[in-house]
1. Please count how many residues of the range 389-411 are over 25 Å from the mean Cα position of the chain (by Cα) and either surrounded by fewer than 17 Cβ atoms within 10 Å (Cβ to Cβ) or outside the structural domain of ARG314 (by TED's automatic domain parsing) (or both).
2. If you go through the range 238-277 one residue at a time, how many are in a loop (DSSP other than H, G, I, E, B) and modelled with pLDDT of 85 or more?
3. Pairs only if they're at least six apart or on different chains, beta carbon under 8 angstrom, first in the range 20-45 and within 27 Å of ALA269 (Cβ to Cβ), second not in a helix (DSSP H, G or I); list them, first residue then second.
4. Consider the range 430-459. How many of its residues are modelled with pLDDT of 95 or more, part of a helix (DSSP H, G or I) and surrounded by 15 or more Cβ atoms within 10 Å (Cβ to Cβ)?
5. Checking MET203 against (1) modelled with pLDDT of 90 or more; (2) closer than 30 Å to ASN44 by Cα; (3) out of contact with any Pro (no Cβ under 6 Å at 6 or more places or on another chain); (4) surrounded by fewer than 20 Cβ atoms within 10 Å (Cβ to Cβ), only one condition comes out false. Which one?
6. Could you please let me know if ALA365 is farther than 25 Å from VAL414 by Cα and assigned to a helix (DSSP H, G or I)?
7. Among the residues of the range 192-231, what is the count of those that are part of a helix (DSSP H, G or I) and either of a type in the set (Lys, Arg) or closer than 27 Å to ALA157 by Cβ (or both)?
Amino acid sequence: MQIGFLDREHSVAKAGYSRWLVPPAALAVHLCIGQVYSFSIFKNPLLALHGPDGSMWSLKEVGYIFSLAIAVLGVSAALFGAWLERVGPRRAMMYAALCFGLGFEIASAGAAMHSLLLIYLGYGVVGGIGLGLGYISPVSTLIKWFPDRPGLSTGLAIMGFGGGALIGAPLGNQLMAFYKAHGHANPIPITWITMGLIYFVFMLFGVLTIRVPAPGWKPDGYLPRQSSNRLISSHDVAVQQAWRTPQFALLWIMLCANVTAGIGILEQAAPMIQDFFHGRISPDAAVGFVGLLSLFNMGGRFFWATVSDRIGRRTTYFCFFTLGPILYFLMPKTSSAGLNSVPAFVLFACLALSFYGGGFATIPAYLKDLFGGYNVSAIHGRLLTAWSTAGIIGPLIVNGILDHDRAAGVDRLVAYRTVLHIMAGVLLIGFIANLLVRPVAQRYWLNKLPADATDRPAH
């Protein structure tokens, strides 16, 4: 493959190209990198490994692998967002495939040598860069292809990230079982080598098939919709200006709040339902509950992003931050003597996870409404630092409260109630931030900026 093939000008679609071929290219990448949500299947196998001196890793040490990957995702998306706008999605997706696949290979050496630092470097840092590049690379392309339905288009791709665990979990489990049955006492290294190669090949499909529209292209019959919504701007804002606006700060707070609350359930989903309904939920049923949450996380991304095209982004987030706190407040009550309803708990948790997924999928279109489509990938990349922050804050809150109450001899149900009520309060902070969002001031518009190279990223 020639390097020039990756240049933006070589990925411009020819006349007659169907824009509906672009979402599958984005899905090919997001379904692969979404594997990170299934990392927990490797926790117990990693904890069972012994080093040459007989040492073993703690749960906290292994837990840092996932946290590091999510943190690097946000940082790399922020750092490389403007670069992506210049070079185009094909090159960014290629580098994402290389980094994500290589991350598995480096981590496999760490598992074989019992080196946690190598696993941190591979899966956390190198793989995390692949996550960040892969996550944001299709966003602006999809919005350019679907100016009439930006929520639907980004929801289609980001839905894949939420559903990546549905592929990654069984794939990882079956590979470990296969290699263990064929004589590998430690099947993790060879499993990760295999997964790295598989994911690289499938991500190449996205690299080869992604296209960008020709300059000035619009869908047949498309006319810019005259909206009465003051938050939908007809002006563009460059990334260097966008991240300095109050609107960017408010959306950062909203995304951070929504993700922090979602992690409050995801972090302890299986043990939480078993503790709430002690003796009534088997381990297999708890795993099924986690799978159901993944489905609602995935489905919520597409459903709410599509709905946002009709009711508006602000109204969609109003739903998240109004209904969400109510659900988090009611969840502990489902195990009380008066109700004691497993279906009610499952329903509330699944709806809450649909809001969690919907928040991810709706935020790119919200950014496009406020800042225009000119630098939306770069702006989105910087906003994803909110995800990195939430990926640290959420587990700290959950694990900190559970560890503290366990040491104090407090009943786990009381600890879970505290966690869920705190998350309801976090969502209320997001509610206030969403109410404060206003149109971007004229002084930030692109056509009002100095026309120098530092303020205008190259096309």
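The values are calculated or read from the model by the stated rules, or taken from the named source; none is laboratory data. Just so it is clear, the structure is predicted and the values come from calculations on it, not from any experiment. Ideal geometry is used to build each Cβ from the backbone, glycine not excepted, and the neighbour counts take in all protein chains shown.
1. Residues flagged as over 25 Å from the mean Cα position of the chain (by Cα) and either surrounded by fewer than 17 Cβ atoms within 10 Å (Cβ to Cβ) or outside the structural domain of ARG314 (by TED's automatic domain parsing) (or both) within the range 389-411 amount to 8.
2. Selection size over the range 238-277: 5.
3. VAL29/SER137; VAL29/PRO138; HIS30/PRO138; PRO45/PRO187
4. Residues in the range 430-459 being modelled with pLDDT of 95 or more, part of a helix (DSSP H, G or I) and surrounded by 15 or more Cβ atoms within 10 Å (Cβ to Cβ): 4 in total.
5. Only one criterion is unmet by MET203, namely (4).
6. Criteria met by ALA365.
7. Number satisfying all stated conditions: 17.
Here's the yes/no breakdown for (1) within 19 Å of ASN399 (Cα to Cα); (2) among the basic types (Lys, Arg); (3) surrounded by fewer than 21 Cβ atoms within 10 Å (Cβ to Cβ):
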position	(1), (2), (3)
ALA28	no, no, no
ILE33	no, no, no
PRO45	no, no, yes
GLY54	no, no, yes
GLU61	yes, no, yes
SER67	yes, no, yes
